[in-house]
Amino acid sequence: MIELQGRKALITGAAQGLGKAIAELFVERGAQVMLADIDAEGAARTADALGPQARSVRCNVTNSAEVAAAVEATVAAFDGLDTLVNNAGIEIVKPLFDNSEEEYERLMAINVKGVFLGMKHALGPLAASGRGSVVNISSLAGTNGVPLFGTYAASKSAVIQLSRTAAAELRPAGIRVNAVCPGFVGTAMVERLIPTVEAIVGVPFSALVAVKQLRLGTPREVAEMTAFLASDAASWTTGSHYILDGGLSAGLL
Ligand SMILES: NC(=O)c1ccc[n+]([C@@H]2O[C@H](COP(=O)([O-])OP(=O)(O)OC[C@H]3O[C@@H](n4cnc5c(N)ncnc54)[C@H](O)[C@@H]3O)[C@@H](O)[C@H]2O)c1
């Protein structure tokens with residue numbers, strides 16, 4: 001079992017979905033966690049349910065000052081920060097050139113700039129900890145072109161490359177940086193995209209999932225991978241991305 005005793009973590013987008021599952025597992029394994037989310041009430045509710053190891057802070061990951069404040073709040077609450085999970089993200093599901101410029105910029109700001117700002121502001125405390133670890137939540141979509149998910153796929157690809165460069169540059173500071181690339185996982189994000197995908201593709205989403213990856217992944221499965229990468233058990237991993245997709249990307253059919 002992956003051990004996170006004594007870890008001091010900041011997790012973005014942690015009010016619900018994957019971020020919430022990551023926070024839950026981190027607490028179970030002994031970490032202290034700061035749940036940061038633009039949905040302040042949701043983050044506070046989730047943190048309250050997790051008990052004294054969890055705190056929450058409002059944070060829009062596109063806002064540099066708010067990200068810096070979330071890092072400061074974590075350091076103040078736990079006397080340091082050694083683990084950053086950049087998880088906050090949004091989806092847009094439509095043909096690539098149906099995206100407006102505003103939609104493109106909003107998605108890139110949250111999914112890419114948010115990850116950049118998280119690492120930039122956490123750098124100091126991560127280095128000071130002597131065992132800094134960053135896990136950036138990318139997507140299987142970041143490893144390929146994906147019809148209907150064009151801007152999303154591009155943003156998640158950027159997350160993989162930011163992670164690799166950060167890993168190489170931060171290695172001397174003892175900071176590891178990895179990315180996690182899940183296929184479809186059962187969260188509100190997937191619930192939201194089902195009607196659009198079904199309307200455009202003309203196939204029931206459940207059938208698509210059954211053929212491609214047998215079933216939806218669970219948030220817990222993504223949390224387990226994240227916990228491993230955050231932990232000292234993953235001490236020789238850095239600059240890599242880890243796919244969890246039930247085999248979706250393994251074969252052509
Ligand atoms: N669910 C999937 O199938 C899946 C697959 C691959 C990758 N991912 C990625 O996992 C991450 C979490 O997805 P999820 O399925 O839990 O989605 P979700 O929509 O259920 O949760 C996303 C969370 O991020 C928060 N958020 C949105 N914009 C924010 C902002 N500007 N600042 C701070 N917080 C913000 C939301 O309030 C919400 O709590 C995302 O980066 C997503 O792209 C999800």
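Derivation of every value follows stated rules applied to the coordinates shown; laboratory data play no part. Just so it is clear, the structure is predicted and the values come from calculations on it, not from any experiment. Ideal geometry is used to build each Cβ from the backbone, glycine not excepted, and the neighbour counts take in all protein chains shown.
The helix-only estimate of mean residue ellipticity at 222 nm for the chain, built from DSSP H runs of length n ≥ 4 each weighted as -39500 (n - 2.57), is -15000 deg cm²/dmol after division by the residue total.
Any chance you could give the angle, 0 to 90 degrees and rounded to 10, that helix 64-78 forms with the longest Cα principal axis of the chain? In the chain, helix 64-78 runs at an angle near 50 degrees to the longest axis. Each label was represented as a point 7 Å from its Cα along the Cα-to-Cβ direction; for ALA68 and ALA188 these points are 3.0 nm apart. What angle do you read, to the nearest 10 degrees and between 0 and 90, between the alpha-carbon axis of helix 219-230 and the longest principal axis of the chain? The angle comes out at about 40 degrees. Here region 71-222 is assigned +1 on the Cβ of each Lys and Arg and -1 on the Cβ of each Asp and Glu. Its dipole about the Cα centre then comes out at about 500 debye. Angle of helix 114-129 to the longest C-alpha principal axis of the chain, folded into 0 to 90 degrees and rounded to 10: 30°. Set the Förster radius R0 to 30 Å, insert the Cβ-Cβ distance between THR165 and VAL203 as r into 1/(1 + (r/R0)^6), and round the FRET efficiency to 0.05. For R0 = 30 Å, the calculated efficiency reads 0.20. For VAL134, the amide hydrogen comes within under 5 Å of the amide hydrogens of LEU84, ARG176, VAL177, ASN178, counting only partners 5 or more places away or on other chains and with H modelled in the peptide plane.
Positive contributions from Lys and Arg (+1) and negative ones from Asp and Glu (-1), summed over other residues with Cβ under 9 Å from the Cβ of THR46, come out at -1. Here LYS94 is the anchor, and the lysines within straight C-alpha reach of less than 26 Å, apart from those fewer than 8 places off in the same chain, are LYS113, LYS156, LYS212.
Place a point 7 Å from Cα of ASP79 in the direction of its Cβ. Which residues in region 102-134 have their backbone N less than 20 Å from it? So the set is 124-133.
Please list, by residue number, every one of the trypsin sites (Lys or Arg not before Pro) in region 154-234 that is coil in DSSP and has at most 13 other beta-carbon atoms within 10 Å.
On the way: sites: LYS156, ARG164, ARG176, ARG192, LYS212, ARG215, ARG220; in loops: ARG215.
Passing sites in region 154-234 are ARG215.
If each residue of separation counts as 0.36 nm, what is the full-extension length gain between THR237 and GLN53 once their alpha-carbon separation is subtracted? Let's see the in-between values first.
On the way: separation 184, 0.36 × 184 = 66.24 nm, distance 2.67 nm.
Contour length minus the Cα-Cα distance gives 63.6 nm.
Can you give me the long-range amide H partners of HIS241? Hydrogens built in the peptide plane at 1.01 Å from N, cutoff under 5 Å, separation of 5 or more residues or another chain. Sorted by chain and number, the residues that satisfy this are ALA179. Ignoring lysines fewer than eight residues from LYS120 along the same chain, none have Cα atoms less than 17 angstrom from its Cα. Would you please give the residues with an amide H less than 5 Å from that of VAL57, counting only those at least 5 places away or on a separate chain, with H modeled from the backbone geometry? Residues meeting the criterion, in which the H sits 1.01 Å from N, are LEU35, ALA36, ASP37.
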